[in-house]
Structure formats: structure tokens, C-alpha cells
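I have placed the structure first, in the form of C-alpha cells, so that the comments after it can refer back to it.
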Amino acid sequence: MQVHIKEFNVEMDVKAAGIEFEVRTPDGSNQVGDCYLTMTGLVWCQGKINKVRGIKVSWDNFITIMQSAESLKAAVKAAKAT
């Protein structure tokens, strides 16, 4: 995947607007989506949907998912099952 910073709206701390990352296919031809990193968590926007309609995950839930390789594997497996 190619990841580009589209906007960099931060000073020292991440503010409410956060940082926007554009994620593209490895060859750069198609946009997969955008990922926003904010002070409250992460927002994934598949394709070209806007931030308001994106999928939000709090930092606490993100940390729980990323706590170990096993918890990440279980989360990915559950996501693929839906």
C-alpha cells in the first residue's frame, strides 16, 4: 500500500481535526481510503466517504486489539467473517 499524508493539522499535540492519511493501492492507481488519527482515536473511511461516515475506534479499543499478536489475529479473523 502507498500511504500519503493529505493534511497535517497538528502543532505539538494531535488536535481534534487530527492527521489525515491517504491509503492507495501499491501501484498508486486507486485510493483504498483515508485514515484519520485524532486525539480520541482512529477513523477509517473506505473509498472516498467522508470522515463523519467513517468507522471510528477509540484509543482504548485500538490498544486492546493491538495488545498482542493473538488479539490482532482474532480481530482480523472476526472482521473477515462479517
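The values are calculated or read from the model by the stated rules, or taken from the named source; none is laboratory data. Since the model is a prediction, treat every value here as computed from it, not as a measurement. No Cβ is skipped: glycine too gets one built from the backbone with ideal geometry, and neighbour counts run over all protein chains shown. For the accessible areas, the whole protein counts, side chains as well, though only heavy atoms, and no ligand, DNA or RNA atoms are used. Shrake-Rupley method; radii C 1.70, N 1.55, O 1.52, S 1.80 Å.
Just wondering, is there one or more residues in the stretch 43-53 that are open to solvent by 40 Å² or more (accessible area, probe 1.4 Å), at pLDDT below 95 and under 12 Å from the mean Cα position of the chain (by Cα)? The answer is yes; a qualifying residue exists. Residue count for the stretch 40-82 under the criterion of being within 17 Å of residue 5 (Cβ to Cβ) and touching a Gly at 6+ places or on another chain (Cβ under 7 Å): the result is 3. For the stretch 1-26, a residue qualifies if it is in contact with a strand residue (DSSP E or B) (Cβ under 9 Å, 6 or more places away or on another chain) and either without any contact (Cβ under 8 Å) to a residue 12 or more places away in the chain or hydrophobic (A, V, I, L, M, F, W, C) (or both), and the qualifying residues are 1, 3, 5, 8, 9, 10, 14, 17, 19, 21, 23.
Of all residues in the stretch 2-42, count the ones that are more than 21 Å from residue 62 (Cα to Cα), open to solvent by 50 Å² or more (accessible area, probe 1.4 Å) and touching a Lys or Arg at 6+ places or on another chain (Cβ under 9 Å). Residues that pass the stated criteria total 4.
Across the stretch 54-82, the qualifying residues are those that are in contact with a Phe, Trp or Tyr (Cβ under 9 Å, 6 or more places away or on another chain) and not β-branched (Val, Ile, Thr), and the one among them that is surrounded by the most Cβ atoms within 10 Å (Cβ to Cβ) is 54. For residue 64, the conditions (1) at pLDDT 95 or above; (2) under 10 Å from the mean Cα position of the chain (by Cα) all hold with the exception of (2). In the stretch 28-48, of all residues being in contact (Cβ under 8 Å) with a residue 12 or more places away in the chain and in a loop (DSSP other than H, G, I, E, B), the one that is nearest to residue 79 (Cα to Cα) corresponds to 47.
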